[in-house]
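Every number here is computed from the coordinates shown, using simple stated rules; none is lab data. Keep in mind that this is a model prediction, so the values were computed, not measured. Virtual Cβ from ideal backbone geometry, glycine too; neighbours counted across all protein chains shown.
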Amino acid sequence: MKTRAEVLAGRIEQGARALAEFADRLTDADWETVVRPDGRTVGVIIHHVASMYPIEVQLAQQVASSAPIENVTWSMVADMNAVHARENADCCKHETIHLLQRNSRRAAEAVRVMTDAQLDSAAPVSLNAGAPLTAQFVIEDHAVRHSWHHLAKIRAALESARPVERKLALAGVL
């Protein structure tokens with residue numbers, strides 16, 4: 001019988017694997033496609049997801065220890081994302097996929113060792129209007145959801161920017 005932590009860790013791995021497999025099939029032109037209205041390229045967004053796993057797990061661990069997440073705002077997140085985009089504008093596909101695999105594996109390992117009591121622990125989270133949220137929610141809303149969220153946005157951007165043949169290739173049909 002799998003523990004809740006094991007199930008959550010598996011979901012992190014599943015999302016990262018889906019994003020990595022998708023990224024591996026991208027052409028250089030796809031990698032450089034700008035995702036609207038976001039403004040970042042596909043490659044930078046994938047690098048962003050890979051880079052956020054350590055922070056997302058740290059926040060979950062903080063809540064798991066009943067410590068509130070204070071003074072973190074969405075404006076700060078947007079600023080951090082903008083700095084990341086500037087600093088990683090020329091990220092390499094191979095290295096980014098490796099980073100995604102490594103950081104998602106480490107995130108899953110950190111989640112796997114969490115107890116049910118830690119997952120159930122709640123603390124106020126400033127990103128969510130100070131609502132007392134559980135560590136499990138923080139994991140699901142960030143480390144699990146993040147790869148799926150951006151994968152959907154990237155797919156939509158590429159589908160609208162590419163001819164029918166490319167759509168079939170991205171879907172794994174060709």
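Annotations for the structure displayed:
- Dipole of the chain computed with +1 at Lys/Arg Cβ and -1 at Asp/Glu Cβ about the Cα centre; of L26, V42, A5, farthest Cα towards the positive end is L26.
- Relative packing of peptides 135-142, 87-94 - highest average C-beta neighbours within 10 Å first: 135-142, 87-94
- Residue-averaged 222 nm ellipticity for the chain, from DSSP H runs of 4+ at -39500 (n - 2.57), nearest 500: -21000 deg cm²/dmol
- Extension gain from M80 to A152, taking 0.36 nm per residue of separation minus the Cα-Cα distance: 23.7 nm
- Applying the Karplus relation 6.51 cos²θ - 1.76 cosθ + 1.60 with θ = phi - 60° to the stretch 103-109 yields 3J(HN,Hα) values of 5, 5, 5, 5, 4, 4, 4 Hz, where x marks Gly and Pro.
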